[in-house]
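The values are calculated or read from the model by the stated rules, or taken from the named source; none is laboratory data. Predicted, not measured: the structure shown is a model, and the values here were computed from it. Cβ placement follows ideal geometry from the backbone for every residue including glycine, while neighbour counts extend to all protein chains displayed. Heavy atoms of the whole protein, side chains included, go into the accessibility calculation; ligands, DNA and RNA do not. Shrake-Rupley method; radii C 1.70, N 1.55, O 1.52, S 1.80 Å.
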Amino acid sequence: MTYYVGPVANLIRELHKLPGIGPKSAQRLAFFILQLPVAEAQRLAEAILVAREKISYCSICGNLTDQDPCSICRDEARNPALICVVEQARDVIAIEKTRNYRGRYHVLQGALSPMDGIGPEKLRITELIDRIQNGGVQEVILGTNLNPEGDVTAMYLAKLLKPSGVRVTRLAHGLPVGGDLEYADELTLSKSLEGRREM
Amino acid sequence: MLLKNLELYHFRNYSEQEITCSPSINIFWGTNAQGKSNLLEAIYYLGYGRSYRQVPDDQVIQWDYPGWRINAQIVNNLMDPIYQSCDSLDIVYSRETKKKTIRLNQHNLSKISNLGTIFPVVLFSPDDLPLVKGSPGERRYFLDSLLNRIYPSYYKVNQRYQRNLTQRNHHLRSSKAGNNKYLLETYDQELSELGARILQFRFEFLPMLSKYVKNFYREIAGEKAELSLLYLSSLPSTAQIEFNYGPDKTVKAVDYYSSLVSNFYTTLGRLRNTDRQRGFTSIGPHRDDLVFRLANKNLRQFGSQGQQRSLVLALRLSELVILENYIARRPVLILDDVF
Ligand SMILES: [Zn+2]
């Protein structure tokens, strides 16, 4: 990177810090930006700054928002008795895209992972308990990822929420839509047997 | 399986080398340090995606070249006289990206573990003695890698078990472990369910391994005393299981899955304070061992060099036959320096 004059090297270094951007991509992006008309580069820079300044976490659900509380928490048409717990704000978007869910959310901002130093105190778990203790919640859907960390987080929350008496459910582990039974591995199959339902 | 053709590029001492193999037995003959073992190492790479010398991928690059490549033409059906069903298997490593790409007929392979069934390889070498003499980890590795190849779901279960184990151990070492009962309980629950499955798989499989190892050992060593195989478990109720009888009298592990789970769970709970002090999980399939006995003496400690070598060979030959039965392909057997 010493081949480049200061500002170029600086731009490459900053881009390289972004997730999924290796040294070569950072270089490519930097040269792309340097070719842009000044006005366009300004729009890009402003978009980054404005987003960073205006967007914060909703004080109720922890989702990304430009207004506090967020639009989902303010929406009267959404069922406040139903809360879906997810790991990240992007999971909210994934579920919203199904247009199938009319409850509210709770974003944990991560999953339990002691090897990364993420214990229960690092997640928005106290906020979840508070929401439930304030009353009105009937069901909590545990929508954490279906990997070891997501499963442990869900099991841990289920234990924690049990005394509160609310109904606790877990997103079904199962076979992919369009998947052939014979190609499913034993772990997936046995998990989907556990999660079978009445027809 | 047949290795028809092998090409190496910047692998160990080979800059560019092409070798055409015969359809039966191939012998590589030469003085020391000519690269015979490096050749075998390359063939091993085709079956396992890594070196048997337990070195990282960048250490087999020749000098300071940017990477290495192994290309092989492999034949599955030996009955096909003109080898028309030849597959091309390619492994390319780049130093810059630190990435290893595996291609079968130009299509990228997503999982390295698939190689185990595409080009099965069994190796026997003098460096193999730790399998008998070494730590329990060596024998678990043998057992696990065999089970991974014959039951793809074993691999998944084991991988998940290992992941939860690492998490539990980190949690045990964190200062907060003492005041969070629920989290430890959660890990115990996950570990005992996954661990019981691992045990189930192992118990189902061991009678067969035991049968083959005994027969091969008898043939190789020519001894009258019968070899016996014991599974040494860290769970109290299954402390020592001897897989010494025929398949009809095997332990019906399936029947007691739930008792294995509860046994494991209670023991984890009982040892919680010990584990916290030690900073790791002291029981489970990750601590178990296989014991081979001849006339009541453990060959690991009390076997002669000859007995130990015979046992290693018997284990490798059993591996070969079991793989052949399960994946319907006869593995390539590599014998390194056995004479
Ligand atoms: Zn909100």
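When region B:124-160 is filtered for residues that are free of Cβ contacts under 8 Å to residues at least 12 places away in the same chain, away from chain A (no Cβ under 14 Å) and touching an Asp or Glu at 6+ places or on another chain (Cβ under 7 Å), only B:PRO130 remains. Taking region B:85-97 as the range and being over 10 Å from B:GLY67 (Cβ atoms) and free of Cβ contacts under 8 Å to residues at least 60 places away in the same chain as the test, the residues that pass are B:SER85, B:ASP87, B:SER88, B:LEU89, B:ASP90, B:ILE91. Among helices (runs of 4 or more DSSP H) entirely within region A:75-175, having at least 1 residues that are in contact (Cβ under 8 Å) with a residue 60 or more places away in the chain singles out A:125-133, A:148-161. Against the conditions (1) within 9 Å of chain B (Cβ to nearest Cβ); (2) open to solvent by 60 Å² or more (accessible area, probe 1.4 Å), A:LEU112 satisfies every one except (2).
When restricted to residues that are in contact with a Ser or Thr (Cβ under 9 Å, 6 or more places away or on another chain) and in a helix (DSSP H, G or I), region A:1-57 contains 3.
This table checks each residue for (1) open to solvent by less than 30 Å² (accessible area, probe 1.4 Å); (2) in contact with a helix residue (DSSP H, G or I) (Cβ under 6 Å, 6 or more places away or on another chain); (3) part of a loop (DSSP other than H, G, I, E, B).
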{"site": "B:ASN5", "(1), (2), (3)": "yes, no, no"}
{"site": "B:GLN17", "(1), (2), (3)": "no, no, no"}
{"site": "B:PHE28", "(1), (2), (3)": "no, yes, yes"}
{"site": "B:LEU39", "(1), (2), (3)": "yes, no, no"}
{"site": "B:TYR45", "(1), (2), (3)": "yes, no, no"}
{"site": "B:GLN59", "(1), (2), (3)": "no, no, no"}
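Conditions (1) in the same structural domain as B:GLU324 (by TED's automatic domain parsing); (2) over 27 Å from the mean Cα position of the chain (by Cα); (3) within 18 Å of B:ASP127 (Cα to Cα); (4) of a type in the set (D, E, K, R), marked per residue:
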position	(1), (2), (3), (4)
B:GLU18	no, yes, no, yes
B:SER22	no, yes, no, no
B:SER37	no, no, yes, no
B:ASN71	no, no, no, no
B:VAL75	no, no, no, no
B:SER88	no, no, no, no
B:ILE91	no, no, no, no
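Given the criteria surrounded by 11 or more Cβ atoms within 10 Å (Cβ to Cβ), over 22 Å from the mean Cα position of the chain (by Cα), closer than 30 Å to A:GLY20 by Cβ and free of Cβ contacts under 8 Å to residues at least 24 places away in the same chain, does B:THR101 qualify? Spelling it out, it is not the case that B:THR101 is surrounded by 11 or more Cβ atoms within 10 Å (Cβ to Cβ), over 22 Å from the mean Cα position of the chain (by Cα), closer than 30 Å to A:GLY20 by Cβ and free of Cβ contacts under 8 Å to residues at least 24 places away in the same chain. Take the residues in region A:58-74 that are within 18 Å of A:VAL86 (Cα to Cα), of a type in the set (S, T, N, Q) and part of a loop (DSSP other than H, G, I, E, B), then tell me which one is farthest from the ligand (Cβ to nearest atom). That would be A:SER59.
Filtering B:TYR182, B:TYR187 for residues that are surrounded by fewer than 17 Cβ atoms within 10 Å (Cβ to Cβ), within 8 Å of another protein chain (Cβ to nearest Cβ) and at pLDDT 85 or above leaves a single hit, B:TYR182. When residues in region A:139-155 are screened for being within 9 Å of another protein chain (Cβ to nearest Cβ), of a type outside the set (D, E, K, R) and open to solvent by 10 Å² or more (accessible area, probe 1.4 Å), 3 of them pass. The condition (being basic (Lys, Arg) and under 16 Å from the mean Cα position of the chain (by Cα)) is satisfied by just one residue among B:ARG168, B:ARG160, B:ARG197, B:ARG139: B:ARG139.
Restricting attention to region A:117-150, the residues that are within 25 Å of A:ASN100 (Cα to Cα) and among the aliphatic types (A, V, I, L, M) total 7.
Taking region A:93-132 as the range and being within 16 Å of the ligand (Cβ to nearest atom) and among the basic types (Lys, Arg) as the test, the residues that pass are A:ARG102, A:ARG104, A:ARG124, A:ARG131. Taking region B:161-179, which residues are facing chain A (nearest Cβ under 9 Å), in a helix (DSSP H, G or I) and open to solvent by 30 Å² or more (accessible area, probe 1.4 Å)? Hits for region B:161-179 are B:ARG163, B:THR166, B:HIS170, B:ARG173, B:LYS176. Take the conditions (1) within 12 Å of the ligand (Cβ to nearest atom); (2) out of contact with any helix residue (DSSP H, G or I) (no Cβ under 8 Å at 6 or more places or on another chain); (3) in the same structural domain as A:VAL168 (by TED's automatic domain parsing); A:LEU82 misses just one of them, which is (1).
None of A:GLY119, A:GLY136 is exposed (fewer than 13 other Cβ atoms within 10 Å of the Cβ) and at pLDDT below 95 except A:GLY136.
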